[in-house]
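The values are calculated or read from the model by the stated rules, or taken from the named source; none is laboratory data. A quick note: this is a predicted structure, and the numbers were derived from the prediction, not measured. With ideal geometry, Cβ positions are generated from the backbone for all residues, glycine too; neighbour counts draw on all protein chains shown.
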Amino acid sequence: MQVLVAGPEDGVMIPIPQYPAYTAQISLLGGTEAPYYLKESDGWGVHTAELTASYEKCVKESKATPRLFVAINPGNPTGNVLERSVMEDMVRFCHDHNMVLLADEVYQVNIYACNKEFKSFREVVLQMPEPYNKTMLVSLHSTSKGVIGECGRRGGYFEELNIPADLHAQIVKMSSINICSNVNGQVMTALMCTPPAPGGESYASFMKEFTDIFDDMKTRAAMLAKELNTIVGFSCQLVEGAMYAFPCLTVPAKYAKHNDEQNAKEGRKLTLDARWALELLESEGIVVVPGSGFGQEPDTLHFRTTILPPTEQMARMVKSIRTFQEGLYAKYKD
């Protein structure tokens with residue numbers, strides 16, 4: 001991103017909801033955000049019409065030209081997995097608008113939906129006909145996600161495809177400024193890329209541990225979405241991949257008034273979803289992230305929670321959230 005964004009005249013198309021590191025980096029570089037909204041009612045789908053509208057708005061209203069297009073697959077915080085046909089639409093869109101496609105694929109191992117499978121953007125690009133197989137692509141992968149890291153130990157890499165030599169030279173130059181990555185990260189990345197192979201001494205134990213962890217995550221992903229959908233005021237899409245659920249939240253109008261009164265009293269401006277998350281923490285000791293931190297459709301509320309807690313803890317977590325939400329509706333009912 002540092003190579004492509006020089007100032008406000010350079011735009012970056014990002015999905016909304018999105019991983020906040022992207023907006024932070026755009027702000028740091030002085031670039032212009034060009035958000036495209038994912039369609040929640042369509043399982044957080046991506047529609048070409050929305051991409052076109054976002055691009056044109058950036059050009060006409062912000063006077064910026066999008067240089068980079070960010071795709072997160074599987075989605076964070078949304079937990080959706082992109083269909084191949086949608087990925088092909090995104091590739092065509094990037095090529096037609098001369099943008100680099102940045103594919104954030106750090107959760108690629110975590111696919112839980114039986115009707116979905118992970119396809120890398122690299123594979124999709126290479127299998128498309130001319131001229132789309134020449135689309136500029138940078139793919140990201142990480143050891144800290146997936147089954148190996150479980151959001152823990154850090155390590156990772158990026159891979160270029162169809163990047164012009166002069167742009168590649170600048171990327172190498174920028175990378176060379178940094179000191180080498182830590183040894184633990186390098187070791188983890190090597191192990192992720194070359195796991196134990198069939199016939200090896202550790203293969204059986206590795207596969208057992210890997211499968212046990214993955215199956216537990218898959219079970220918790222289904223359980224979390226199912227249980228959240230039974231709570232008043234919640235609507236949660238299926239967790240098809242990654243490690244998060246991002247349910248839509250509704251609250252009584254009187255609770256919105258309560259937030260306004262508390263903000264006036266405290267001298268701050270908490271968003272309604274942030275107030276809800278704060279009071280959930282204070283009441284039940286449960287930490288969630290307000291949807292406003294990721295971006296969301298206007299006039300909607302969400303929060304992000306994770307599938308990482310063990311099954312027993314997750315059951316208690318959902319019970320606590322239910323208790324809080326039902327109590328809130330009883331207290332502030334219209």
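Just one residue in the set K116, K63, K57 is at pLDDT 95 or above, assigned to a loop (DSSP other than H, G, I, E, B) and surrounded by fewer than 20 Cβ atoms within 10 Å (Cβ to Cβ); that residue is K63.
Can you spot a residue in region 89-102 that is out of contact with any Cys (no Cβ under 7 Å at 6 or more places or on another chain), closer than 28 Å to C236 by Cα and either crowded, with 18+ Cβ neighbours inside 10 Å or small (G, A, S) (or both)? Yes: one or more hits.
Among residues of region 60-88 that are farther than 13 Å from M13 by Cα, those with a Cβ under 6 angstrom from a residue that is assigned to a strand (DSSP E or B) and among the aromatic types (F, W, Y), sequence gap 6+ or separate chain, pair up as P77/Y244; G79/Y244. Pairs meeting the criteria (first residue in region 261-283 and surrounded by fewer than 19 Cβ atoms within 10 Å (Cβ to Cβ) and modelled with pLDDT of 95 or more, second residue hydroxyl-bearing (S, T, Y) and not in a loop (DSSP other than H, G, I, E, B), beta carbons under 7 Å, at least 6 apart or on different chains) are T271/S292. Considering region 39-51, the residues that are of a type outside the set (A, V, I, L, M), in a helix (DSSP H, G or I) and without any contact (Cβ under 8 Å) to a residue 12 or more places away in the chain include one that is nearest to N80 (Cα to Cα), namely D42.
Scanning region 232-258 for residues that are in a helix (DSSP H, G or I) and buried (at least 19 other Cβ atoms within 10 Å of the Cβ) gives a single hit, Y255. Checking each residue in region 126-146 for being touching a residue at least 24 places away in the same chain (Cβ under 8 Å) and of a type in the set (D, E, K, R) picks out K134, K145. Scanning region 206-231 for residues that are of a type in the set (G, A, S) and either in contact with a Cys (Cβ under 8 Å, 6 or more places away or on another chain) or surrounded by fewer than 11 Cβ atoms within 10 Å (Cβ to Cβ) (or both) turns up just one, A225.
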